[in-house]
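Engineer: Submitted below is the structure of interest, expressed as structure tokens.
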């Protein structure tokens, strides 16, 4: 596999200037090499401190500072933090022009201390440097012309990343509906899906990504029966046979809280207690649960050297709050609390990617609601024990952690909020010690 990765790295550099050595600016100056980071107790090494651009999704689509000047229009104004920010998050600083588009966003994130970028799509405002992202498959068909334009855009984005010493670590994007396998229609991937997948993998290779994936679960977690989760393992194994075999890129799935619910893998049983409250209910038939979680079954039926997962640590803790009781194979209600740390620790290298999303406990009763609300990483309100998590999952320094906060953009009322929250979170991730 190392030969394939080397070939991919060579392809990623084709037609690009060599990446300049990273010169830290501002808060990034606290970062050091991974070995030194491990020595001084950092739980998230500086070289693996990342963000998914979903958290800053308002920035690429905004007309940037340079584009505004070129068009002779006023830039978007907002607050990026003053002299004492982020130590004092209330120090908003002066009203300033806000970055927009990929080039300006990458510059901002690099100065904030981020090193890795997980994309949530590649689109941006057409007037920003690099222009709009071409459609790789107009009308569903990946033509040679569309593919060439799409890959040229990839080389532009790679140049932007290199300019600020950033590394593309992954993307939430296209995943084929068809695949090669007995459970796929016709037992094979359609030509349209295959050609689009090849274009997306080459795009990822140009960016230098070791991973490419989705923001979704392997299959719909609304269906907890064992059969669709076994089939999902077959699909993602087949996709990785293509992506790893041809490009050296591992394709990953994500998780939300339902993916750590209990697998329905037993016989039909009659239950007489409410799952959450334990109160009596009318006799009801359900499928029994052994205690295995959906995502664990997915891991069990896939090749550990091929198929990997990105854990959203926030949603894993929501699962701990929500999915606390199961019905065993005799129909008895059993308390069985999920442990995200233990889940990773027993197979830590199958979780090379994390969404480092922080949460403030809502005070809801166990099993009611989500149990947490989104906050910047390292916010004093945090009720997720990230120090304990990173200290006990093993393989220190191996994992790639991407800050995410679904509610980071502040809209028209506070258009600088997502960028301020990114600065707070980069500082919080850098400060995590153990």
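The values are calculated or read from the model by the stated rules, or taken from the named source; none is laboratory data. The structure presented is a predicted model; accordingly, all values stated were derived computationally and were not measured. For neighbour counting, all protein chains shown are included, and Cβ atoms are generated from backbone atoms with ideal geometry for every residue, glycine included.
Engineer: Quick check, is residue 318 crowded, with 19+ Cβ neighbours inside 10 Å, in a strand (DSSP E or B) and modelled with pLDDT of 95 or more?
Structural biologist: Answer is no for this residue.
Engineer: Let me spell it out: the conditions are (1) within 19 Å of residue 367 (Cβ to Cβ); (2) surrounded by 15 or more Cβ atoms within 10 Å (Cβ to Cβ); (3) within 23 Å of the chain's Cα centre (by Cα), and residue 307 meets all of them except one. Which number is the exception?
Structural biologist: It fails just one condition, (1).
Engineer: It is to be established whether one or more residues within the stretch 160-174 are farther than 25 Å from residue 100 by Cα, in contact with a helix residue (DSSP H, G or I) (Cβ under 7 Å, 6 or more places away or on another chain) and buried (at least 18 other Cβ atoms within 10 Å of the Cβ).
Structural biologist: no
Engineer: Would you please name the residue that is modelled with the lowest pLDDT, looking only at residues in the stretch 222-232 that are over 18 Å from residue 288 (Cβ atoms) and surrounded by fewer than 21 Cβ atoms within 10 Å (Cβ to Cβ)?
Structural biologist: Selected residue: 222.
Engineer: Inside the stretch 34-153, counting only helices (runs of 4 or more DSSP H) that do not spill past its ends, which hold 3 or more residues that are in contact (Cβ under 8 Å) with a residue 40 or more places away in the chain and crowded, with 19+ Cβ neighbours inside 10 Å?
Structural biologist: Qualifying helices (runs of 4 or more DSSP H): 101-112.
Engineer: All but one of (1) over 14 Å from residue 55 (Cβ atoms); (2) over 20 Å from the mean Cα position of the chain (by Cα); (3) in contact (Cβ under 8 Å) with a residue 40 or more places away in the chain hold for residue 416; state the number of the condition that does not hold.
Structural biologist: Here residue 416 meets the rest and fails (1).
Engineer: To continue, here is another question. So which residues in the stretch 414-429 are closer than 16 Å to residue 400 by Cα and buried (at least 23 other Cβ atoms within 10 Å of the Cβ)?
Structural biologist: 425, 426, 429
Engineer: For residue 389, indicate whether it is in contact with a helix residue (DSSP H, G or I) (Cβ under 6 Å, 6 or more places away or on another chain), at pLDDT 95 or above and assigned to a strand (DSSP E or B).
Structural biologist: In short, no.
Engineer: Could you please give the count of residues in the stretch 400-414 that are part of a strand (DSSP E or B) and either farther than 17 Å from residue 95 by Cα or in contact with a helix residue (DSSP H, G or I) (Cβ under 7 Å, 6 or more places away or on another chain) (or both)?
Structural biologist: 5
Engineer: Checking residue 337 against (1) at negative phi; (2) touching a residue at least 24 places away in the same chain (Cβ under 8 Å); (3) surrounded by fewer than 21 Cβ atoms within 10 Å (Cβ to Cβ), which test does it fail?
Structural biologist: (2)
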